[in-house]
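Novice: Here it is: the structure, laid out below.
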Amino acid sequence: MGHGEHGGHGTDDLPPFTLGRGLEFTGEPFFLAGCVLALLLYGWGVLRLRSRGDTWPVGRTIAWVLGVLTVALVMCTALNEYGMVLFSVHMVQHMVISMLSPILLLLGAPVTLLLRALPSAGRGRTGPRELLVALLHSRYIRVVTHPGFTLPLFIASLYALYFTPLFDFLMGSRAGHLGMMAHFLAVGLVFFWPIMGVDPGPNRPGYVMRMLELFAGMPFHAFFGIALMMASEPMVSVYSDPPASLGVSALSDQTAAGGIAWAFSEIPSVVVLVALLYQWYGSEQRRARRDDRAADRNGDRELAEYNAYLASLSARDR
């Protein structure tokens, strides 16, 4: 499938790619509507908490906004147009929307915010909050957040997609391209949620196991990038004939795409590792405070018992 099949998308006459042109706002409707809705719902939740005197961490709000903006950056700008004909730009979209945006969104703790903001339907009744709680405890969520599911899905989103005709089929239409990007975002959320998500959920192992799960998935991104960089011919036919106006060859563009995939795998590893260590430290601090309070209660009880013993001795002497 050559680039000529994308003529209906208005990408064949794109000027040579530069960062300035790539960041021009285009307002892709599907993702723009999703980003605006995500910001509005989150803002509603925060305002609802504040209206009743509750607080919400500013850092979580910042993380959520940044996560939404990274999605908008790669999907609602000209990057999305160039990504239809340049493998390297498409790989930037893929890496950001599957490995950076999900991490920021999860640090925003949207599920926790919803659980606190949504009103309870009352005893014996079912409302949005009760449905959300039931979903979080459902077998479906336990399955889709289990490492036996998330890790193969994470890997298949690379190898089973790019190295099969499925990728060319999806890139043959704008709907297929948008659906693939939505899939990348969903896979990233499902993969990183059990590892470093702030929200409650099943399959939340200890911190060491979470780190192992993280590092079990990252090398596959590096191997994928190296495979693209070392290939002697284009491996994805949809990018095998880039428009002459862009001034790049298919092989050099593919090599750049492989380098992006290889290098970008380090970014989420560092971010998630820092987040995990911070969460681990916070967990240990909370446990230490609980132990101190328990020790204080035990100490007070022992002191009261000792004083009672002394009082009994004094009464006996009298």
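Novice: How many nm separate the modelled label positions at VAL36 and THR112, each set 7 Å beyond the Cα in the direction of the Cβ?
Specialist: For the pair VAL36/THR112, the computed spacing is 3.0 nm.
Novice: Suppose R0 equals 30 Å; then what is the FRET efficiency for PHE215 and ALA134 from their Cβ-Cβ distance, rounded to the nearest 0.05? Spell out each step's value before the answer.
Specialist: Values: r = 33 Å, r/R0 = 1.11.
Efficiency at R0 = 30 Å is approximately 0.35.
Novice: Next question, about the same structure. Skipping prolines and chain starts, which residues have an amide H placed within reach, meaning under 5 Å, of the one on THR26, given they are 5 or more residues away or on another chain?
Specialist: For THR26, whose amide H was placed from the backbone, the distant partners under 5 Å are THR77, ALA78.
Novice: Gain in length, LEU151 to ALA182, computed as 0.36 nm per residue apart minus the alpha-carbon separation, to one decimal in nm? Display every interim value, and only then the final one.
Specialist: Working: separation 31, 0.36 × 31 = 11.16 nm, distance 1.80 nm.
The span from LEU151 to ALA182 would gain 9.4 nm if fully extended.
Novice: I've got another one for you. Can you work out the FRET efficiency for the pair GLU266 and ARG50, with r the C-beta to C-beta distance and R0 = 30 Å, to the nearest 0.05?
Specialist: Plugging the Cβ-Cβ distance into 1/(1 + (r/R0)^6) gives 0.20.
Novice: Using a simple spin-label model with points 7 Å from Cα along the Cα→Cβ vector, what separation in nm is obtained for ARG142 and THR126?
Specialist: Modelled inter-label distance: 1.9 nm.
Novice: A further question follows. Taking the alpha-carbon set of the stretch 1-130, what are its Rg and Dmax in Å?
Specialist: 19.0, 62
Novice: Still on this structure, I have one more. Which whole-number value in Å² is the accessible area per residue of the stretch 98-250, probe 1.4 Å?
Specialist: Numbers: 6920 Å² over 153 residues.
Dividing the accessible area of the stretch 98-250 by its residue count gives 45 Å².
Novice: Still on this structure: Please list, in chain and number order, the residues 5+ apart from ASP241 or on another chain whose amide H is under 5 Å from its amide H, with Hs placed from the backbone.
Specialist: Placed amide hydrogens put HIS3 under 5 Å from ASP241.
Novice: Evaluate E = 1/(1 + (r/R0)^6) for SER232 and ARG21, where r is the Cβ-Cβ distance and R0 equals 41 Å; express this FRET efficiency to the nearest 0.05.
Specialist: It comes out at approximately 0.85.
Novice: From largest accessible area down, sort TYR239, TYR159; use a 1.4 Å probe on the protein chains.
Specialist: TYR159, TYR239
The values are calculated or read from the model by the stated rules, or taken from the named source; none is laboratory data. From a predicted model like this one, the values you see are computed outputs, not experimental measurements. Note: ideal-geometry Cβ built from the backbone for every residue, glycine included; neighbour counts use all protein chains shown. Accessible surface is based on the protein model in full, side chains and every heavy atom, while ligands, DNA and RNA are left aside. Shrake-Rupley method; radii C 1.70, N 1.55, O 1.52, S 1.80 Å.
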